[in-house]
Amino acid sequence: MSTRIATVFPALVTLLIVAGTSHAQSAGDVYNGKLIYQRYCLSCHGEKGNGQGEFAEWISPKPRDYRQGTFKWRSTPSGSLPTDADLERVLINGLYGTYMPSWNALGHRQRLDVIAYIKTFSPRFAAEKPQAPIAIPPEPPYTTESVTRGAAAYKKFNCAQCHGDAAQGDGPSAHELKDDWGNPIVPYDLTQGHVKCGNGGNDIYRVFIAGLSGTPMPSFADSVSPAEAWDLVHFIQSLSPGYAKNLTGGAAPSGEGTP
């Protein structure tokens, strides 16, 4: 019996050490994250994470103020915190049309570390957990009929009020909009063929359902049906040849619409 215990005990200790190390790695190292933040992020997002770095005055849209735990690009419902995967995705891809570049060169380990540090700016991350990601149903085929229905949905939900009749970001309210911090914010020109959060159908669909927290773009989760949301996606995609169209429906084309 004593021999068996002597054999099993070291193995258990090893497993516990490995498990503890794995958990620490998955959570990110705050101290190392601070060093990375100070080197790459501080000039825009500020020492206190308030979006008031030395370059912020000259940047539009303004750098994110991390203190409220409010993030636009999430896979989670409106009002929820983002997941670490959501935050890493922004670091990997950057945000098209803004001064936020891709930080893919940092590597996965360093990205997790800086995410861990960014989360220290808001008490929400210590008190709350992100909600489950939004479920996105399979995409129906992109068709002329779907585009026509999407154009009708665009009118139904009064999207032109901000984005304009031709979806060029020049609606009647376009010059009056502000974000949650009081900064002027311009509706996106949907004809560019490239969306900040990604160009796939899933990416555009997610914006309708999740909204863009901190901006006037609301969630339509309670008012738009999945079919209408996909029709809206197809209408937006019809505005530019730059958008990849999923003509067969179902799974998104390779590289498109990563959840």
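Each value in this text was obtained by applying a stated rule to the coordinates, not by laboratory testing. On a predicted model such as this, the values are computed, not experimentally measured, just so you know. So basically every Cβ, Gly included, is an ideal-geometry build from the backbone, and we count neighbours across all protein chains shown.
Inter-label distance, ALA151 to TRP58: 4.4 nm, where each label sits 7 Å from its Cα along the C-beta direction. Amide hydrogen proximity for GLU139: with H placed 1.01 Å from N in the peptide plane, the residues at 5 or more positions away or on another chain lying under 5 Å are GLY250. Taking other C-beta atoms within 10 Å as the exposure proxy, ARG149, ARG39, ARG124 rank ARG39, ARG124, ARG149 from fewest upward. Note on ALA105 and ASN158: the extension gain reaches 15.0 nm, defined as 0.36 nm multiplied by sequence separation minus the Cα-Cα distance. Against the chain, whose longest principal axis is taken from its Cα atoms, helix 144-156 shows a tilt of about 90°.
Structural descriptor for segment 170-249: relative contact order 30 percent, calculated from alpha carbon pairs under 8 angstrom and at least 6 residues apart.
Over 31 Å apart at the Cα level, from the set LYS129/LYS155; LYS72/LYS245; LYS155/LYS196, are LYS129/LYS155. Our summary gives the chain a relative contact order of 20 percent, counting only alpha carbon pairs under 8 angstrom and 6 or more residues apart. With axes computed from alpha carbons, what is the tilt in degrees of helix 201-210 against the longest principal axis of the chain, rounded to the nearest 10 within 0 to 90? The angle comes out near 90 degrees. Under the simplified labelling scheme, the GLN68-THR144 pair shows an inter-label distance of 4.5 nm, with each label point 7 Å from Cα along Cα→Cβ. Length gained on full extension, SER240 to ALA126, computed as 0.36 nm times the residue gap minus the Cα-Cα distance: 36.8 nm.
Taking a point 7 Å out from the Cα of ALA221 in the direction of its Cβ, the residues of segment 110-147 whose backbone N falls within less than 20 Å of it are 124-139. Restricting the calculation to Cα atoms, segment 27-85 yields a radius of gyration followed by a Dmax of 12.6, 34 Å. Please say if segment 115-259 is rounded, prolate or oblate, where rounded means a/c under 1.5 for a ≥ b ≥ c the square roots of the C-alpha gyration tensor eigenvalues, and otherwise the choice is prolate for a/b larger than b/c and oblate otherwise? Cα axes put segment 115-259 in the oblate bin. Axis angle, to the nearest 10 degrees, between helix 226-237 and the longest C-alpha principal axis of the chain: 70 degrees. Summing +1 for each Lys or Arg and -1 for each Asp or Glu among the other residues whose beta-carbon sits under 14 angstrom from that of ALA221 gives 0.
Karplus-derived 3J(HN,Hα) values for segment 160-169, using 6.51 cos²θ - 1.76 cosθ + 1.60 with θ = phi - 60°, are 5, 4, 9, 7, x, 4, 9, 6, 9, x Hz; glycine and proline are entered as x. Using the Cβ-Cβ distance between ALA135 and LEU247 with R0 = 25 Å, the FRET efficiency computed as 1/(1 + (r/R0)^6) comes to roughly 0.60.
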